[in-house]
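Novice: What follows is a structure written as structure tokens; I'll ask about it next.
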Amino acid sequence: MSGTLTRWVGIDEAGYGPNLGPLVMTAVIAEGPSASPPDLWGDLASTVARAKGAPDRLWVDDSKAILKGGRGRERLEAACLATLTAAGRELPRSFGNLLKAIDAGTLADVELALWLDEDDDPPWPRAESRDLYDRCLKNPLAGISWRIVGVQTVVVGPARFNAGLAASPSKATVHFTAFAHLLRSLWEQASDGMKTAVRSDKHGGRHFYMEPLQAHFDDVWIDRGPEGPALSRYTIKSPGRHLDLSLVPRADADDGLVALASIVSKTVREGWMDAFNAHWRAHFPDLHPTAGYPNDAKRFRQVIEPACLARGLPSSLWWRAK
């Protein structure tokens, strides 16, 4: 089977820019016999639509197009649930179960336990999101000649993010380390001989990735392809293994698997921030929730920092330095 199928992967992240909350990065994995990647919007036209499309279909798009102006959360979570269903994962009933379903670790691993009462596990998804998902056709992401087979997520909490910055002052290095973690897992999967093709959004508009790739894959051969604004492409290979990596701008708007990766990443980050905001609003009822991005994060920090210091929680545990 591995000789006749291709493994297609889309990778995207959420939370690269904020000062509060985690960086989340996800790989959505599919398999199929075609030489071209799955066309979610074409192959699944009866069940899937772009953001703001037919209301009776699942919305698959760049997560920023789905969740906009504080609206669309139920659409985001319903698409995440559908992705888990397609990958054969059990539907979660709590945020901790969601982390388990996407191989992201525990509440402690993602640094959320710090903001939860002992043994607390926030419910997930929202009731309206589950209702919307239940109204969708059964398994709306089931392809005809391809299928989604896996979802893997890396969650880099604030303390881990800062530790990465201490090792290298470049924020881009922390980002690429998370990316390389997923890529290394995919490389291990490619040991079955199945050709693997990975697509990702560009990292902050960067065009040259050979050096960081070599740093993380110093035991294999890497071929350099075109490197420029439209495409940066590399081939990682060794006897019996082959992985093609393409980084393109706006991949989350053009590739359905990258869009799903964007959706899962954003869903996880939003759930993390829900619990973080709930913790602090329990202490300061008038405190308006934050999404964690720089300007608003400073407002939030001014309120919570004295309480954190009183509890012996330095800012390195909850405030990303960059």
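Novice: Which residue pairs have Cβ atoms under 7 Å apart, sit 6 or more places apart or on different chains, and have a first residue in the stretch 138-149 that is touching a residue at least 12 places away in the same chain (Cβ under 8 Å) and a second that is hydroxyl-bearing (Ser, Thr, Tyr)?
Specialist: 139/85; 140/47; 141/83; 145/34; 146/34; 148/83
Novice: Let me ask you something else. In the stretch 62-82, how many are on the phi < 0 side of the Ramachandran plot and assigned to a loop (DSSP other than H, G, I, E, B)?
Specialist: Residues in the stretch 62-82 being on the phi < 0 side of the Ramachandran plot and assigned to a loop (DSSP other than H, G, I, E, B): 2 in total.
Novice: So, one more: Out of the stretch 51-90, which residues are without any contact (Cβ under 8 Å) to a residue 24 or more places away in the chain and within 24 Å of residue 7 (Cα to Cα)?
Specialist: 59, 90, listed by residue number.
Novice: What are the residue pairs meeting all of these: first residue in the stretch 27-38, first residue of a type in the set (A, V, I, L, M, F, W, C), second residue assigned to a loop (DSSP other than H, G, I, E, B), Cβ atoms under 7 Å, and 6 or more apart or on different chains?
Specialist: 30/38; 30/146
Novice: Quick one: in the stretch 187-211, which of the residues that are of a type in the set (Gly, Ala, Ser) and assigned to a helix (DSSP H, G or I) is surrounded by the most Cβ atoms within 10 Å (Cβ to Cβ)?
Specialist: 190
Novice: For residue 111, state whether it is assigned to a loop (DSSP other than H, G, I, E, B), among the acidic types (Asp, Glu), over 16 Å from the mean Cα position of the chain (by Cα) and farther than 17 Å from residue 124 by Cα.
Specialist: yes
So that you can scan it fast, the table gives a plain yes or no per residue for (1) in contact with an Asp or Glu (Cβ under 9 Å, 6 or more places away or on another chain); (2) among the β-branched types (Val, Ile, Thr); (3) closer than 13 Å to residue 264 by Cβ:
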{"site": "44", "(1), (2), (3)": "no, no, no"}
{"site": "51", "(1), (2), (3)": "yes, no, no"}
{"site": "54", "(1), (2), (3)": "no, no, no"}
{"site": "68", "(1), (2), (3)": "no, no, no"}
{"site": "74", "(1), (2), (3)": "yes, no, no"}
{"site": "86", "(1), (2), (3)": "no, no, yes"}
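Novice: Only one of these is among the hydrophobic types (A, V, I, L, M, F, W, C), touching a Gly at 6+ places or on another chain (Cβ under 7 Å) and under 23 Å from residue 186 (Cβ atoms): 84, 99. Name it.
Specialist: Every option except 99 fails the conditions.
Novice: What's the number of the only condition in (1) among the polar types (S, T, N, Q); (2) surrounded by 19 or more Cβ atoms within 10 Å (Cβ to Cβ); (3) part of a loop (DSSP other than H, G, I, E, B); (4) in contact with a Ser or Thr (Cβ under 8 Å, 6 or more places away or on another chain) that residue 34 fails to meet?
Specialist: Result: residue 34 passes all but (2).
Novice: Among the residues of the stretch 303-322, how many are free of Cβ contacts under 8 Å to residues at least 24 places away in the same chain, touching a Cys at 6+ places or on another chain (Cβ under 8 Å) and either in a loop (DSSP other than H, G, I, E, B) or surrounded by fewer than 13 Cβ atoms within 10 Å (Cβ to Cβ) (or both)?
Specialist: 1
Novice: More than 20 Å from residue 25 (Cα to Cα), free of Cβ contacts under 8 Å to residues at least 24 places away in the same chain and of a type in the set (Gly, Ala, Ser) - does that describe any residue in the stretch 206-226?
Specialist: Yes; the residues of the stretch 206-226 include at least one that is more than 20 Å from residue 25 (Cα to Cα), free of Cβ contacts under 8 Å to residues at least 24 places away in the same chain and of a type in the set (Gly, Ala, Ser).
Novice: Then there is this: Among the residues of the stretch 51-73, which ones are over 17 Å from residue 253 (Cα atoms) and surrounded by fewer than 17 Cβ atoms within 10 Å (Cβ to Cβ)?
Specialist: 54, 55, 56, 69, 70, 71
Novice: Now, a different point. Can we say residue 41 is surrounded by fewer than 18 Cβ atoms within 10 Å (Cβ to Cβ) and either touching a Pro at 6+ places or on another chain (Cβ under 6 Å) or among the aromatic types (Phe, Trp, Tyr) (or both)?
Specialist: Judged against the criteria, residue 41 is a match.
Novice: For residue 158, state whether it is crowded, with 20+ Cβ neighbours inside 10 Å and either charged (D, E, K, R) or at pLDDT 95 or above (or both).
Specialist: yes
Novice: Right, next: Evaluate the following for residue 260: is it of a type in the set (A, V, I, L, M) and more than 25 Å from residue 82 (Cα to Cα)?
Specialist: No, not satisfied.
Novice: So which pairs qualify, if the first residue must be in the stretch 102-126 and free of Cβ contacts under 8 Å to residues at least 60 places away in the same chain and over 23 Å from residue 260 (Cα atoms), the second must be part of a loop (DSSP other than H, G, I, E, B) and small (Gly, Ala, Ser), the Cβ gap must be under 6 Å, and the two must be at least 6 apart or on different chains?
Specialist: That search, which allows pairs on different chains as well, returns nothing.
Novice: Report whether or not residue 293 is surrounded by fewer than 16 Cβ atoms within 10 Å (Cβ to Cβ), of a type in the set (Phe, Trp, Tyr) and closer than 30 Å to residue 60 by Cα.
Specialist: yes
The values are calculated or read from the model by the stated rules, or taken from the named source; none is laboratory data. Given the structure is predicted, the values throughout are model-derived calculations rather than measurements. In this analysis, Cβ positions are derived from the backbone assuming ideal geometry, glycine residues included, and neighbour counts consider all displayed protein chains.
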